[in-house]
Amino acid sequence: MSAITLSPVERPDDAEGRIGLRANLRHIGALARRNLMQIKADPESMFDALLMPIIFTLLFVYVFGGAVSGSQHEYIQYMIPGLMAMMGMNIAMSVGSGINSDFKTGVMDRFRTMPIARSSVLVAKVVVEMGRMMVATTILLAMAFVLGLDVRTTPLHLLAAVALALAFGASLVWTSMLLGLAVNSPQAVQGIGMLVLMPLQFGSSIFAPTSTMPGWLESFTKINPLSNLADACRNLVNGGPVAHSVWITLAWSIGITAVTAPLAVMRFRKKT
Amino acid sequence: MAMNRIADTTNAVEVHGVVKHYGETKALDGVDLAVPQGTVMGVLGPNGAGKTTLVRVLSTLIRPDAGSAFVAGYDVLRQPRQLRRVIGLTGQYASVDEALSGRENLYMIGRLLDLSRRAARLRADELLERFSLTEAAGRAAKGYSGGMRRRLDLAASMIGAPRVLYLDEPTTGLDPRTRNEVWDEVQRMVGDGTTVLLTTQYMEEAENLAESVTVIDRGRVIAGGSIAELKAKVGGRTLHVRPVVVAELPSMAQALDEYGVHGATADQAAGLLSVPIADDGQLTSVVRALGAGGFGIAHMDTHLPSLDEVFLAVTGQRAGGTDPTDPTDPADPTDPAGTKIEEFAA
């Protein structure tokens, strides 16, 4: 080791130990930067955001398009807004298993022994996941425009649909993190995640109109928040009444976040 | 520094009757400990003794069920935020982000400790140089060797110039050369005025780094004091002699006894003669005595007491003073320390 002398460290000292808003934002920034660099070090972790929108769009449009809507073009108008609703859920899936593996290393212990707000590690994750959702949604829309998606309202309506999907996606990121912090292994996170994901996605109005489904399933799709989100996005793109489904979706997003975010932070504090 | 800190506390770490139970397991069962400022305290114990639990309590990772603990005058229960500003922790498993480069790891921690961008960069580079990591600074930490990772981990703990540093088995799993590097670095930190609480399974490590030791077992302190005091209890070094002809072991022990070197024990199964050594002169006497008797020596070396031997000595000594009816008492003389350590490891 070399005999280098260290310069003195100047750190703002707060007798109360409270963390101010600016410091908190700086911490979240530093942690989000870490998450971005993890993606850079492992580009394959972006496959879900980059490839899923392309594969899903091609698959569903050409497999189901003719059968469900009679024409591919009509089905694009129907399904693409639904896929926008689904992107958040698929992206959020991976964050839970990611945070679970993070705990297998000692780095979370280091964060938890540092003078930072314990929520900042999780908030930084949400920030980066939102970024990944935006990438996935951009690719989805680009793909959809190539296949002939027609925004029958205004670009502003389209943006509103994207923003709504992101808000709901953020609430799912919190849920996924809570799951990741509550179970033991990353594999369990994925297993449970799939179990929840499949019925919610297919038991909704995302892929097919619900009118042909048996009564019990149709009732389920009505309370499924993904149906509401898909309906809201669909009408924001194609025109039609949106107020009801938008409000319901916002209420779900806020409700889910209000429950799962504090629980996730609490689990983060206590997880051993 | 902060105003509400107890101004002239002489102990950097104070632990009073700390208890932490996990169901039936008593990880900590009423631990008392005091570490004077600027010193190194070695916490010695086998796997499962409660060392890591103690470190986790002192670094606010877990809350004790009972008792109190103060670090730099801050209460672990009531002032965790202030406490986190003055501690550094290096665990058994390197707590660095493997996907990030060494430099990025240190920069991130500097930013989390509220250093400006410039100061964080400067501090990272200084520490990389000090820990001989400058060449590898740009590479992802997952490509580092075990020793490099541990050094990066130590560097990360040093970013905020902590007043109290916890080292939880800092050299477990390291090769001897790397272990020496870590020791050198710890000694320099102490030279800079940092108080260190070191947990270890190795008597040798405690002897190299610590002024005082606390021996814990099953969540309880079973001995404590300076290294010299502990050694006085445990005994000094042991000379192991491996003869060419194992059958000669008993006659070798007898020859030593006649020469004035007492207490040698012959272990036929291991093919070893163990001789307690009080001073260096005795080494010469052993060689002379064995040479005069014409015994062939294949190998000989000296050993510090192992943790097993420390335990045997410490628990054996306490046996008279404790309740013999308590089956969980760690000082139970009928339970050889060696098997106890096996149990813990399992």
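Look at the stretch B:233-264 and say how many of its residues are touching a Gly at 6+ places or on another chain (Cβ under 9 Å), at pLDDT below 90 and closer than 30 Å to B:T200 by Cα.
Result for the stretch B:233-264: 1.
Being without any contact (Cβ under 8 Å) to a residue 40 or more places away in the chain, farther than 22 Å from A:L58 by Cα and of a type in the set (S, T, Y): is that true of A:T154 here?
Numbers: without any contact (Cβ under 8 Å) to a residue 40 or more places away in the chain: yes; farther than 22 Å from A:L58 by Cα: yes; of a type in the set (S, T, Y): yes.
So A:T154 passes the test.
Step by step: first the residues of the stretch B:86-101, then only those that are in contact with a Gly (Cβ under 7 Å, 6 or more places away or on another chain) and open to solvent by less than 30 Å² (accessible area, probe 1.4 Å), then the one that is nearest to the other protein chains (Cβ to nearest Cβ). Which residue is that?
Going through the stretch B:86-101, the residues in contact with a Gly (Cβ under 7 Å, 6 or more places away or on another chain) turn out to be B:88, B:91, B:93-95, B:101.
Pick out the ones that are also open to solvent by less than 30 Å² (accessible area, probe 1.4 Å) and you get B:88, B:91, B:94-95, B:101.
On the way: B:G88: 8, B:G91: 5, B:A94: 6, B:S95: 3, B:S101: 8 Å.
Selected residue: B:S95.
B:F131 versus (1) facing another protein chain (nearest Cβ under 10 Å); (2) within 26 Å of A:I39 (Cβ to Cβ): which is the lone unmet condition?
(2)
Let me confirm something: among A:L164, A:L181, A:L158, which residue is assigned to a helix (DSSP H, G or I), in contact with a Phe, Trp or Tyr (Cβ under 8 Å, 6 or more places away or on another chain) and crowded, with 18+ Cβ neighbours inside 10 Å? Lay out the reasoning, then the answer.
Numbers: A:L164 fails: in contact with a Phe, Trp or Tyr (Cβ under 8 Å, 6 or more places away or on another chain); A:L158 fails: in contact with a Phe, Trp or Tyr (Cβ under 8 Å, 6 or more places away or on another chain).
Residue meeting the stated conditions: A:L181.
If a residue must be within 16 Å of B:Q201 (Cβ to Cβ) and assigned to a loop (DSSP other than H, G, I, E, B), how many such residues does the stretch B:158-174 contain?
Selection size over the stretch B:158-174: 6.
Would you mention how many residues in the stretch B:17-35 are buried (at least 16 other Cβ atoms within 10 Å of the Cβ) and either more than 18 Å from B:R63 (Cβ to Cβ) or in contact with an Asp or Glu (Cβ under 9 Å, 6 or more places away or on another chain) (or both)?
Adding up the residues that qualify gives 7.
Within the stretch A:108-138, track down each residue that is under 23 Å from the mean Cα position of the chain (by Cα), under 20 Å from A:M266 (Cα atoms) and within 14 Å of chain B (Cβ to nearest Cβ).
Step one: filter the stretch A:108-138 for residues under 23 Å from the mean Cα position of the chain (by Cα), giving A:108, A:117-138.
Restricting the remaining residues to those that are under 20 Å from A:M266 (Cα atoms) gives A:108, A:117-127.
Of everything in the stretch A:108-138, those that are under 23 Å from the mean Cα position of the chain (by Cα), under 20 Å from A:M266 (Cα atoms) and within 14 Å of chain B (Cβ to nearest Cβ) turn out to be A:M108, A:A117, A:R118, A:S119, A:S120, A:V121, A:V123, A:A124, A:K125.
Condition check ((1) surrounded by 16 or more Cβ atoms within 10 Å (Cβ to Cβ); (2) under 28 Å from B:K231 (Cα atoms); (3) of a type in the set (S, T, Y)) across all residues:
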{"site": "B:N47", "(1), (2), (3)": "no, yes, no"}
{"site": "B:P64", "(1), (2), (3)": "yes, no, no"}
{"site": "B:S68", "(1), (2), (3)": "no, no, yes"}
{"site": "B:P80", "(1), (2), (3)": "yes, no, no"}
{"site": "B:R84", "(1), (2), (3)": "yes, no, no"}
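Under 7 Å between Cβ atoms, at least 6 apart or on separate chains: pull out the pairs that start in the stretch B:122-148 with a residue that is farther than 18 Å from B:T178 by Cβ and end on any residue that is open to solvent by 60 Å² or more (accessible area, probe 1.4 Å) and in a helix (DSSP H, G or I).
Close Cβ pairs (under 7 Å, with a partner that is open to solvent by 60 Å² or more (accessible area, probe 1.4 Å) and in a helix (DSSP H, G or I)) amount to B:A124/B:R103; B:A137/B:R103; B:G138/B:R103.
Mind listing whichever residues of the stretch B:252-281 are open to solvent by less than 40 Å² (accessible area, probe 1.4 Å) and under 13 Å from B:G236 (Cα atoms)?
The answer is B:S274, B:V275, B:I277.
Answer with yes or no whether B:L115 is within 9 Å of chain A (Cβ to nearest Cβ), closer than 30 Å to B:P36 by Cβ and over 19 Å from the mean Cα position of the chain (by Cα). Let's see the steps before the verdict.
Numbers: within 9 Å of chain A (Cβ to nearest Cβ): yes; closer than 30 Å to B:P36 by Cβ: yes; over 19 Å from the mean Cα position of the chain (by Cα): yes.
For B:L115, the condition - within 9 Å of chain A (Cβ to nearest Cβ), closer than 30 Å to B:P36 by Cβ and over 19 Å from the mean Cα position of the chain (by Cα) - is met.
Against the conditions (1) on the phi < 0 side of the Ramachandran plot; (2) open to solvent by 60 Å² or more (accessible area, probe 1.4 Å), where does A:G70 fall short? Just the number, please.
Condition (1) is where A:G70 drops out.
Looking only at the stretch B:152-161, decide whether some residue is open to solvent by 60 Å² or more (accessible area, probe 1.4 Å) and in contact (Cβ under 8 Å) with a residue 24 or more places away in the chain. So that I can check it myself, show each step before the final result.
Here is the first cut: in the stretch B:152-161, the residues open to solvent by 60 Å² or more (accessible area, probe 1.4 Å) are none.
No: zero hits.
Would you call A:T105 assigned to a loop (DSSP other than H, G, I, E, B) and within 14 Å of another protein chain (Cβ to nearest Cβ)?
Details: assigned to a loop (DSSP other than H, G, I, E, B): yes; within 14 Å of another protein chain (Cβ to nearest Cβ): yes.
So A:T105 fits the description; yes.
The values are calculated or read from the model by the stated rules, or taken from the named source; none is laboratory data. Everything quoted here is computed from the prediction, not taken from an experiment. Neighbour counts are summed over all protein chains in view; Cβ atoms, including those assigned to glycine, are modelled from backbone coordinates with ideal geometry. For the accessible areas, the whole protein counts, side chains as well, though only heavy atoms, and no ligand, DNA or RNA atoms are used. Shrake-Rupley method; radii C 1.70, N 1.55, O 1.52, S 1.80 Å.
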